[in-house]
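Single-structure report; data block below.
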Amino acid sequence: MGVERGLEGLRNVLEGMRFPVTRDAVVNAALDAEADEEMVSALRAMPAAEFNEANEILRAVPLPETEPDSHTEAARVRERDQDA
């Protein structure tokens, strides 16, 4: 199914990593975790550098804190019920 979207999902990807890591290692970890294209693209846009801690990566990646409400299953059910 993949990881959550946004920074929370990225935190989950980074949780099991041993630092320092390269950008490519983080991208590969996200791909292995079945991250969405938004996260993978944001990670690929980071500088090709070595990162010493998760916070460096979290600050470098322009992702929303969490998935927008409109993308959650509960929000889709509410929208469908309102349209009915």
Query - Largest to smallest accessible area among F19, F51 [probe 1.4 Å] - result: F19, F51
Report task. Can you sort E38, E4 by 1.4 Å-probe accessible area, starting with the largest? Result -> E4, E38
Query raised in the report: DSSP loop trypsin sites (Lys or Arg not before Pro) in region 1-68 with at most 10 other Cβ atoms within 10 Å of their Cβ, which ones?
Result: R18
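The values are calculated or read from the model by the stated rules, or taken from the named source; none is laboratory data. This is a predicted model, so every value here is computed, not measured. Glycine also receives a Cβ, built like all others from the backbone with ideal geometry; neighbour counts cover every protein chain displayed. These accessible areas exclude ligands, DNA and RNA; they are computed on the full protein's heavy atoms, side chains included. Shrake-Rupley method; radii C 1.70, N 1.55, O 1.52, S 1.80 Å.
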